[in-house]
Amino acid sequence: MNPVKSLALAVLKSALGWDSRQACLLCGAPALAPPLCDACRGELLPLDLPGCPFCGEPLISRQDCCGSCREDPFPASSGFSLYPYRGGPRELLSLYKQGDCKELSDFFAGELFARRLSLKPLPLVPVPRSEKNFRRRGWDPVDRLCRSLSRNYGFSCRPLLKRLPSPSQKELSRQDRLTNLRGKVVPRRRLKEIPREVYLIDDVWTTGSTLRECIGVLKRMGVESVHGVSLVRD
Ligand SMILES: [Zn+2]
Ligand SMILES: [Zn+2]
């Protein structure tokens, strides 16, 4: 942009009390309540359908639980995902995980709190990261989300689990994901006092196999009740 135009734009923006930090992340329009403008916020449709009582999978007809839990009930006390994994939520999550906008953790934390977590102030257990992803990114999106929840809403953060090396779930077929993590999630050492009931926090809920593995370990550690929570469901 030429200097005259860019100066004029800067003057206009400052007259309107708007700067680029207040541009909507998805469309770039001015956002009165960042990070999104009202229109994009309105299009982020949460998963509001009644969910399966075990895993939270949206139920389309009037069933008691989803097809897969009828055969083998998911071991959680409840399951919840904020958004379907498409459109705006998918785009936001990828901006977040690529590290372009780490502050989105506060936005996601606010939405999780408003729609679900305000019901019960339970400790948060982050799904343990793969060290390979951590080395590539240099930070951990799920851990950062838990920290936002903890800082903004007073939840205690309890990283009870850690993950032994295994291929990244993302690189595997649906079938291979089901078995890849078996035995690869273990309790952290030197844990004091195990909570009775927790939220298990993840970013993407795909087959549920990561959460299932974590829940098995948490239960063997003495946690009685685990509520699975994710940002999106694929
Ligand atoms: Zn927008
Ligand atoms: Zn289910």
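Every read-out reported here was derived from the displayed coordinates using simple, explicitly stated rules and does not represent laboratory data. What you are looking at is a predicted structure, and each value in this text was computed from that prediction instead of being measured. Methodologically, a virtual Cβ is constructed for each residue, glycine included, from the backbone with ideal geometry; neighbour enumeration extends over all protein chains shown.
Table for the structure above
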quantity: Mean ellipticity per residue at 222 nm, deg cm²/dmol - from DSSP H runs of n ≥ 4 across the chain, formula -39500 (n - 2.57); calculated: -11000 deg cm²/dmol
quantity: Total lysine pairs under 14 Å (Cα atoms) in segment 39-233, excluding pairs fewer than 8 apart on one chain; calculated: 5
quantity: Rounded tilt (10° steps) of 87-97 against the dominant C-alpha axis of the chain; calculated: 80 degrees
quantity: Dipole in debye (nearest 20) - the chain, about Cα centre, beta carbon charges: Lys, Arg +1; Asp, Glu -1; calculated: 940 debye
quantity: Residue 175-residue 94 pseudo-label distance in nm [points 7 Å out on the Cα-to-Cβ vector]; calculated: 2.8 nm
quantity: Full-stretch length increase - residue 193, residue 157 - with 0.36 nm per residue and alpha-carbon distance subtracted; calculated: 11.6 nm
quantity: Rounded to 5, the percent of DSSP beta bridges in the chain classed as antiparallel; calculated: 25 percent
quantity: Full-stretch length increase - residue 44, residue 29 - with 0.36 nm per residue and alpha-carbon distance subtracted; calculated: 3.8 nm
quantity: Most mobile listed residue (136, 90, 151) in the chain, GNM with C-alpha springs under 10 Å; calculated: 136
quantity: Cα long-axis angle, helix 104-115 against the chain (0 to 90 degrees, to the nearest 10); calculated: 60 degrees
quantity: Sequence-distant residues sharing a close amide H with residue 156 (under 5 Å, placed H); calculated: 124
quantity: Gain upon complete extension [residue 186, residue 113; 0.36 nm per residue less C-alpha separation]; calculated: 23.5 nm
quantity: Residue exposure sequence - 207, 179 - by fewest surrounding Cβ within 10 Å; calculated: 179, 207
quantity: Volume per residue of the C-alpha convex hull in the chain, rounded to whole Å³; calculated: 153 Å³
quantity: Calculated FRET efficiency for the pair residue 65/residue 137, C-beta based, R₀ 41 Å, to 0.05; calculated: 0.70
